[in-house]
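The values are calculated or read from the model by the stated rules, or taken from the named source; none is laboratory data. Fair warning: this is a prediction, and the values are worked out from it, not measured in the lab. Positions of Cβ are backbone-derived with ideal geometry, glycine not excepted, and every protein chain shown enters the neighbour counts. Side chains are part of the model used for accessible areas, which takes the heavy atoms of the whole protein and leaves out ligands, DNA and RNA. Shrake-Rupley method; radii C 1.70, N 1.55, O 1.52, S 1.80 Å.
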Amino acid sequence: MQGKCKRARVVAFGCQMSERDSETIAGLLSACGYDVLPHGAAAAAAAATTAIAAEGDTADGGGTAAPVADSAPPDMVLFVTCCVRGNAENRAIGNLGDMKRLKERNPGMIVAVAGCMAQEEGMRRLIVDKMPWVDLVFGTHNIQNLPAMLARVEAGERVIEVLDDSDSIAEHLPAIRAYRHKAFVNITFGCDNFCTYCIVPYVRGRERSRTEADILKEVSDLVDAGCREVTLLGQNVNAYGKGLPPLPDGSVPGFAHLLRAVNGVEGLRRIRFTTSHPRDFTPDMIRACAESERVCRHLHLPLQAGSDRVLARMHRGYTLKRYLELLDEVRSAMPDVAITTDLMVGFPGETEEDFLETLRAVAEARFDAAFTFVYSPREGTVAAGMPDQVDEAVKGDRIRRLIEAVNESAAASNAALVGSVQEVMVEGPSERDSSVMAGRTRTNKMVHWPTPQPPRAVPAPGDILNIRIEQASVYTLRGVEA
Ligand code: SF4
């Protein structure tokens, strides 16, 4: 067999969707004869801010070394971009700008941009018009065409190819997974909700679901390859199944049905899913979670804001009262469940009183953790055109107060676990301190414990251990093997 000699680096920005796309893109590049350098979350975290630029900088003696043995630039750098939030977009644009010098020094190198930013017209124009060093731009709906597009680029053509939408799903694409013991599995693509602040429906298209059979086949194949945990992925997983034909037994292929079916895959240890929409979380889905022993006790339920007035302007489809009722229903079915959320400050028209309602909601909901965001206008969305944009200084003050409130809630929920024994899936040695191991509870909390010393073996990623929790902080738990 001929050895692969071309090298590609795939760098993902933003959400899990981008990470999962980057795995498929890596698989397609490998099928095109490229050796793909580390990609996915771990690589992206390093590469996004340092590695790509550093490969250029290293020649000047500066920067941080790239996480590859050979410091020669790759033959291709492909950015899988995200435009959901301003900071992911800014990081991608910054990294793309840095590619100019690297490309000048290595004119044969291919620079490519995929993902949501390519799909968004304003950003695409910026890249196409102002960044002539970018050779290939493609969107979220034509990833499967990468080999054909790449062949044209390799023949010297600049290729810009973006489809507006897609009503189909490309199945059976190759993938190079970022991890062996855990994997993302797409169940839906796109979103029909059109929350007024969100760009996703414009760049990821209308909602479409994979068939249950295709999902189960992927999960089974992953398990056969050593995977122990899957995260079912969609913009709104609770909407799964809309538009699919009835199953052979006549039942409706909704999310509750899917959860029960995935729970039946032998050898799988844990099932997670994200993201849920509070409006679409039905009693049957709660029952399916509670009954399915492999479904982890963790729900990520984005609240976004505590003010009903703001929620209505966001077009979220629920009130705070309904959201809190849902938490009660979930907690009464699964008393040990952890609830995490997304919260936003500075949505257009948000008053101090609106914001105080978000703080009160944090106290009442007893969140285990929250991703907190400052609203950033996304061009083309309804909210970007609202007249009453909130002053940046006010947003800064509110995010600081919100983080304080969330940290207080997270610290209290973690402190309640001191003295308990938690089932932990091993991730590996801690990235910051190899003297401790890192793993996650079924409630998705990060746990550290001392790394075993010889002759005891160090546990492998995916192993499951019981850890007695001895200390808790806002972000992590510490313990010892029980
Ligand atoms: S549910 Fe709303 S926030 Fe989530 S992806 Fe769809 S439009 Fe965006």
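Of note, LEU233 does not satisfy the criterion of being out of contact with any strand residue (DSSP E or B) (no Cβ under 7 Å at 6 or more places or on another chain) and either among the acidic types (Asp, Glu) or crowded, with 22+ Cβ neighbours inside 10 Å (or both). List the strands (runs of 3 or more DSSP E) that sit entirely inside segment 121-208 and contain at least 3 residues that are at pLDDT below 95. In segment 121-208, there are no strands (runs of 3 or more DSSP E) which contain 3 or more residues that are at pLDDT below 95. Filtering segment 156-184 down to residues that are over 27 Å from TRP133 (Cα atoms) and free of Cβ contacts under 8 Å to residues at least 60 places away in the same chain, which residue is farthest from the ligand (Cβ to nearest atom)? If we take residues in segment 156-184 being over 27 Å from TRP133 (Cα atoms) and free of Cβ contacts under 8 Å to residues at least 60 places away in the same chain, then HIS172 is farthest from the ligand (Cβ to nearest atom).
One line per residue, one yes/no per condition, for (1) closer than 24 Å to THR341 by Cα; (2) hydroxyl-bearing (Ser, Thr, Tyr):
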position	(1), (2)
VAL390	yes, no
SER413	yes, yes
ALA416	yes, no
GLU431	no, no
ALA438	yes, no
THR441	yes, yes
PRO450	no, no
PRO455	no, no
PRO461	no, no
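Looking only at segment 185-219, how many residues end up being open to solvent by less than 50 Å² (accessible area, probe 1.4 Å) and either within 16 Å of the ligand (Cβ to nearest atom) or polar (S, T, N, Q) (or both)?
Pass one, segment 185-219, residues open to solvent by less than 50 Å² (accessible area, probe 1.4 Å): 185-191, 193, 195-201, 203-205, 207-210, 212, 214-216, 218-219.
Narrowing further to those that are either within 16 Å of the ligand (Cβ to nearest atom) or polar (S, T, N, Q) (or both): 186-191, 193, 195-201, 203-205, 207-209.
Of the residues in that region, 20 qualify.
Is it the case that some residue within segment 333-354 is among the small types (Gly, Ala, Ser), loosely packed, with under 14 Cβ neighbours inside 10 Å, on the phi < 0 side of the Ramachandran plot and assigned to a helix (DSSP H, G or I)? For segment 333-354, residues among the small types (Gly, Ala, Ser), loosely packed, with under 14 Cβ neighbours inside 10 Å, on the phi < 0 side of the Ramachandran plot and assigned to a helix (DSSP H, G or I): absent. If you go through segment 76-113 and pick out every residue that is open to solvent by 20 Å² or more (accessible area, probe 1.4 Å), more than 21 Å from ASP129 (Cβ to Cβ) and within 27 Å of the chain's Cα centre (by Cα), you end up with 3. Could you check, for segment 317-324, whether at least one of its residues is among the basic types (Lys, Arg) and within 24 Å of ASN263 (Cβ to Cβ)? Among the residues of segment 317-324, not one is among the basic types (Lys, Arg) and within 24 Å of ASN263 (Cβ to Cβ), which makes the answer no. Exactly one residue among GLU427, GLU423, GLU379 is open to solvent by 30 Å² or more (accessible area, probe 1.4 Å) and within 30 Å of VAL345 (Cβ to Cβ), and that residue is GLU379. Could you list all residues from segment 275-293 that are surrounded by fewer than 18 Cβ atoms within 10 Å (Cβ to Cβ) and more than 14 Å from the ligand (Cβ to nearest atom)? Passing the criteria: THR282, PRO283, ASP284, ARG287, ALA290, GLU291, SER292, GLU293. With respect to the conditions (1) on the phi > 0 side of the Ramachandran plot; (2) over 23 Å from the mean Cα position of the chain (by Cα); (3) not polar (S, T, N, Q), VAL418 falls short on a single one, namely (1).
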